[in-house]
Structure formats: C-alpha cells, structure tokens
Amino acid sequence: MEGEERRLAASLTARYSEWVLEELDELRGSFLLTDPAMPGHPIVYASRGLAALTGYPRRELLGRNARLFQGAATDRAAVSGVREAVRAQRAHQVAILNYRRDGSPHWVLLHLAPVFHAADGRVLHFLAVQVPIAPASPPRRHPGRPAPLAACREEARGEEELPCASHVGEVFVDIDKRGLEAEELRIASGCDKEMALSTANNIFSTLNRYSKLTGLVVCERRCDSVGIPALSSSLNLSLGRIKQSFVLTDRHLPDMPIVYASDAFLSLTGYSREEILGCNCRFLNGPGTSAEVLEEINQHICREEACTVHLLNYRKDGSTFRDLLHVSPIRNSSGKVAFHVWVHLDESAKHDFSGLTPEVWQLGAVGAVRVAVRSLSASGSLLRPSQ
C-alpha cells in the first residue's frame, strides 16, 4: 500500500517538486487532482476540505476514480457532460448530486479544469473543485396555514433515519427522487461559482510556481488565441496609442484570458503577442511570487474592485522584476464589467513619469482604456464582426 501511495504522489512531486504536497495541504477548499495518464484515471491528491465534505479519509480516496462520488440519483446528463469535458480537455462547471461515504446525498458545484504542460500542450492532470450548494430558502407561508406536502416530508424524513445499511442504495434512490420533485435541482449561485473559480485559481498558482522548480511550466489552458474573440480594429487602434505596459483580460471567458497586450508589456516581459494571447496572467508568476498577494488580487476581481500591489514576477528568460501592479475593472457603456486591465511597472527600472507619481502614471493608462472601451461599446464596436 505504501508503494502505491508513493507512486501516486510521484505523479505530483516529479512534476512540481517535493514541496508541492505540503503547499496544497495549506490551501482552503474541497478539491482533488487526477492523472489521466495512469490506468483508471485515479485520484492522486485529495484535499483536507474534500475529506471533510465527503467523509472519506484522504488515503481511502487515493488511487480510486472520482466516479465513486456518484450514486443512484446522480443525473446521467451531468455525468455525460463531465466525461465529454474530460475527452475534450476543456474546463467545465456543473451542479451535480454526489454522495458522501455514509451514503447521504449532497449537491455540489463541480468545477473541472485540465492542467496543461505549457510547452507542448499535454494534459498532465485534471483539477476538480467541489463547492457545496446550499438549499434554497423555503417560501414564506401565512401564519397558521398548513404546509403543503408536510406529511410527505415527514414520511421521507422517517425513511432517512432507517438504520438498515444493506438497503441504503434503495432508500436513497426513493428519497432522492422525492427530494428532486420537492425542491427540483439546486442552482449554484454566483457566489458559489466565484468561490469555485477563486479556489481553482489559487491551486493553479501553486502548481505553476512549483512546476518552475522542475523546469516544467503548467497552465490552465493551452496558450493560444483559438476561441478568443478578436477586438475590433478601432479598439486595437485606440489601445495602441497608450504607452504604458498593460494587458486586458476577459473575465467572462474561461480562465480569464488575455485578449490584448501592449507593446510596452511585451518589451517588459520578453514574450511575443502570439505567445500570451489566450493565456491567464499567471504565466508571469514563479516560485518567489507571493500566494497571499495573488489571493488579494483574486478577491478584488471577484468584488469588481481596483487594487494596487507589489509583486515579484518573472520574464520569459527567467529573470525576475519587482512589479508594481494595478488591476482595475473596465466597464462598458451600460456599466457592466467588460474587461480587467492589468498595468505593470518594473519598480527597479528608470522611468520618465513627467513629474507624476508611479501610481498616477498607471491610473492614466486605466483612464485611457476606460475611455476607449466605453466610447466604442456604446456603438457596439468592441469586437471584430464574425466572419
């Protein structure tokens, strides 16, 4: 058994360093990692949060396929969607009815994402984050009015308490069907989705930092611009006049990819535009990048707030630079967030700010981007028309 555990652990330590397991153990959330290259596509890592959520000891999960969480009333269409996402090697979110170790059902938002080798695009692992979905608040009733279906619910509650373990499968088939009729499917809230995405981002940041210690860099999507909507020529022209180093990301697309990069940003980082369009900004992170600062950025993005942080980032050649980073939401003419702008400034380099402070210099870029986006969004000219 110990030999099998070492083999499963090697799926991670050989790719991300010996310390990655300890770092993952410190992360909050319920999640697991699987290795599609190993027979049976087994779980190779399970978080403490997952053990608490499901009731399975972590050692009992390792080596097993993640389908063990499914049960009699798990929606087959939801399972089919997950399998298709695995086959297509793409991210996927779905609300699904899972089962704990004791056989009790519970609804979770499942966030699935492949972990790609940044150089050759191979899938190394799949990440699965589970966020519990709370039941909807019961509708208010007039005082004294009897609750509809009260007798049925009491009957179901009585059956739930049956201690006959050998018939637990049958019992939960019936109970689950009644639950589905009474409360229908549980719908994940926007907060649930944000929590799943934030947890996934923290995990990918950890894997990315530690993968650089072994010379293998990972990312959440293949870094290409396939499927990324092209900005209109008018918007590209307006953004091209801005001299600061910045990128635009689209929060509404999976993994919040870069959709525009300025010439100054390319000069700062050493990457070409073709290399980074479609990638998440975490490719700049490395072993020395602060996970706490990255989490602070994620929280501000979730709240649609601007933030300024000091961060150690990495160029393409591996050299580091002290990055004064300002991240701000960019709203369209209707007030909705269309993009996020990330303005980068190498604090160790000499700059001519024309008498301005570095922070004001960065805000100038934000203002110019905001004007360009709002003026063109009013006329529907943000994206290039489909061919």
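The values are calculated or read from the model by the stated rules, or taken from the named source; none is laboratory data. Note that the coordinates shown come from a computational prediction; the quantities given were computed from them, not determined experimentally. Please note: Cβ atoms are built from the backbone with ideal geometry, for glycine as well, and neighbour counts cover all protein chains shown. Only protein heavy atoms, including side chains, enter the accessible area calculation; ligands, DNA and RNA are left aside. Shrake-Rupley method; radii C 1.70, N 1.55, O 1.52, S 1.80 Å.
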Any chance you could count how many residues in segment 41-52 are in a helix (DSSP H, G or I) and touching a Lys or Arg at 6+ places or on another chain (Cβ under 8 Å)? 4
Here's a check for you: in segment 69-78, which residue that is assigned to a helix (DSSP H, G or I) and modelled with pLDDT under 95 is least open to solvent (accessible area, probe 1.4 Å)? A78
Which numbered condition in (1) open to solvent by less than 20 Å² (accessible area, probe 1.4 Å); (2) under 18 Å from V217 (Cβ atoms); (3) out of contact with any Lys or Arg (no Cβ under 8 Å at 6 or more places or on another chain) is the only one that T249 fails? (2)
I'd like to check something: does segment 355-372 contain any residue that is touching a Pro at 6+ places or on another chain (Cβ under 9 Å) and either assigned to a loop (DSSP other than H, G, I, E, B) or under 29 Å from S189 (Cα atoms) (or both)? no
Residues located in segment 26-48, provided they are free of Cβ contacts under 8 Å to residues at least 60 places away in the same chain, open to solvent by 40 Å² or more (accessible area, probe 1.4 Å) and within 15 Å of N202 (Cα to Cα): E26
Here is a list of conditions, (1) open to solvent by 40 Å² or more (accessible area, probe 1.4 Å); (2) farther than 17 Å from A188 by Cα; (3) not in a helix (DSSP H, G or I), and Q93 meets all of them except one; can you say which number that is? (2)
Taking segment 323-365 and the residues there that are among the β-branched types (V, I, T) and touching a residue at least 60 places away in the same chain (Cβ under 8 Å), the one that is surrounded by the most Cβ atoms within 10 Å (Cβ to Cβ) would be V343
